[in-house]
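To keep things clear, I will list the structure first and then write my remarks on it.
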Amino acid sequence: MTAHRILFLVLDGIGDRPCPELSGKTPLESARTPVLDSLASGGICGIMDTIRPGIRPGSDTAHLSLLGYDPGMYYTGRGPLEAVGSGIQMSPGMIGLRANYATLDSGGLISDRRAGRIHDTTILSKAIEEGVDLSSFGLSIRFRSGAGHRAALALSGKGLSDKVSSNDPKKEGNKPLTVKALSDDAGADMTAGALNEFIRQSHEILETHPINKARKEAGESPANIILVRGAGVMGQFEPFPERYGMKGAVISAAALITGIGNAVGLETIAVPGITGSVNTNLQGKVQAALDTLESFPFVLVNIKGADESGHDGKPIQKRDFISRIDEHLMPFTQLDDTIIIICGDHSTPCSVKDHSADPVPVLIHGEGVRTDPVDRFTEALCAMGGLCRIQGHDLLPIGLDLVNLSKKFGA
Ligand code: ZN
Ligand code: ZN
């Protein structure tokens, strides 16, 4: 008998380096993780270079690789994936950009790049999508809110290019930049012109919007300008169900991750109260994973919080969050008919405050899985496991073989 389902849990940024604050241990080593340890003990472990040794992965390229889509071939920038994740239907050839609501003061300077950390911009985004007219460029737009001050913009039409710069001055107190063509073809010129016109028109709409009038009266920063960046062309992805013979779903708070999932043909499962932060609704996520496995044989779950603690350089917070994740994973130990894969997408060492190329721990647990002597899920012990050191694109094929969905090579 083999299992028929795969639960693929990505603990974002889980890997780390020895931390002086934790007496030289990593946050994962010093966390209390009885559930992860028992899964490691009953399964097989290893370490993994998500892309290749020495390559520092982004969460986006790492997840593409983990899903078996070579990022070298499929990665076209963060914009289009983030647009998909915000609910925009992107077809191949469309241009996607990441966007931020920001505050432009009366002197024409960006005074807050996050518009006072505005919570909900849904109504403003709707006003922009309906009000901005780029028909003189032969283009149409889609504009959707993401979490907090974030949003995504998509352009469709003929002659578009993703070779355009950003208007984000990166530092507060500076003027927004003019979007420029980054190559000398006509498409880049036209796209840059269209984006500048988008920024001008959306600013007009936002400046006079009742929500912003109210924010100003309340002494809050108005969300009155859009900063765009990360332009990319939407690529063509061979759908996951056709590629692997199983349909799947994705559970994540990050628009980027759900965007990648949707782009490859996974369905998004919404969970109330998930934030992509250490205050996320872990129980809701775990329950949603269990429920989704009833109808989808493949479920990808991303838990983001540890990555955030790594970026903030907070090893104790990272350790405590890992312990808290573990407390919620108990129901996974009761799953039958399921191969459980747990790994990081990259390391986010607190000492680096960014992603590093250090390999991440990985474990596989379930029916038919060979075991090894590793009994703790840590960077150091997983390195002694039976999977040895693999690459990100190896992992899903190993899982597919365990559910009997890999094709035989040869006779
Ligand atoms: Zn990540
Ligand atoms: Zn990160």
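Quick note: the coordinates plus some simple rules give every number you see, no bench work behind them. Note that the structure is a prediction, hence the values are computed from the model and not measured. Counting neighbours? That spans all protein chains shown, and the Cβs are built from the backbone with ideal geometry, glycine included.
What does the charge dipole of the range 311-389 about its Cα centre add up to, to the nearest 20 debye, if the Cβ of each Lys and Arg holds +1 and the Cβ of each Asp and Glu holds -1? Please list the in-between numbers first.
Values: 8 positive and 13 negative charges, 64 e Å.
Once rounded to the nearest 20, the dipole reads 300 debye.
Using the Cα centre as the reference, give the magnitude of the dipole from point charges on the C-beta atoms of the range 351-402 (Lys, Arg: +1; Asp, Glu: -1; all else neutral), rounded to the nearest 20 debye. Write down the numbers at each step before the final one.
Details: 4 positive and 8 negative charges, 18 e Å.
That gives a dipole near 80 debye.
Which number do you get for Rg(Cα) / (2.2 N^0.38 Å) in the range 82-123?
Values: Rg = 13.8 Å, N = 42, 2.2 N^0.38 = 9.1 Å.
Scaled against compact globular proteins, the figure is 1.52.
Give the order of V286, V179, V362 when sorted by the count of other beta carbons within 10 angstrom, beginning with the fewest. List each step's numbers first, then the result.
Numbers: V286 21, V179 24, V362 28.
Fewest to most other Cβ atoms nearby, the residues stand as V286, V179, V362.
Quote the relative contact order of the range 330-369 in percent (integer), defining contacts as alpha-carbon pairs under 8 Å separated by 6+ residues. Walk me through the numbers on the way to the answer.
Numbers: 44 pairs, mean separation 17.9, N = 40.
Rounded, it is 45 percent for the range 330-369.
Taking the Cα centre of the chain as origin, sum charge times position over the Cβ atoms of Lys and Arg (+1) and Asp and Glu (-1), and report the length of that vector in debye to the nearest 20. Could you put the intermediate results ahead of the total?
On the way: 40 positive and 48 negative charges, 115 e Å.
In debye, rounded to 20, the chain gives about 560.
Return the lysines within reach of K407: Cα separation strictly under 21 angstrom, same-chain partners fewer than 8 residues apart disregarded; answer none if there are no such residues.
Of all the lysines, those that pass the test against K407 - Cα under 21 Å, at least 8 places apart if same chain - are K247.
Report, to the nearest 10°, how far helix 186-207 tilts away from the longest principal axis of the Cα atoms in the chain, using its own Cα long axis and a range of 0 to 90°.
80
Reachable lysines from K318, Cα under 17 Å, same-chain residues fewer than 8 places away excluded?
K25, K304, K353
Helix 315-328 versus the longest principal axis of the chain: what is the Cα-based angle in degrees, 0 to 90, to the nearest 10?
Result, in degrees: 70.
Among the aspartates and glutamates, which have Cα under 18 Å from the Cα of K171 when same-chain residues fewer than 8 positions away are ignored?
D105, D112
Give the distance, in whole Å, between the Cα centre of the range 8-86 and the Cα centre of the range 318-369.
The range 8-86 and the range 318-369 have Cα centres spaced 8 Å from each other.
Take every Cα-Cα distance within the range 119-254, group them into 5 Å bins from 0 onward, and report for each bin the whole-number percent of pairs it holds.
Per 5 Å bin, starting at 0, the Cα pair percentages come out as 2, 9, 16, 19, 18, 13, 10, 7, 4, 2, 0, 0.
Could you pull out every Cys in the chain that lacks a partner Cys with its beta carbon under 4.7 Å away?
C19, C343, C350, C388
So for the chain, Kirkwood radius off the Cα pairs, Stokes-Einstein at 20 °C and 1.002 mPa s: how many µm² s⁻¹?
On the way: Rh = 22.3 Å.
It diffuses with D of about 96 µm²/s by this estimate.
With springs only between Cα atoms under 10 Å, which of P210, P397, P169 fluctuates most in a Gaussian network model of the chain?
Between P210, P397, P169, it is P210 that shows the largest mean-square fluctuation.
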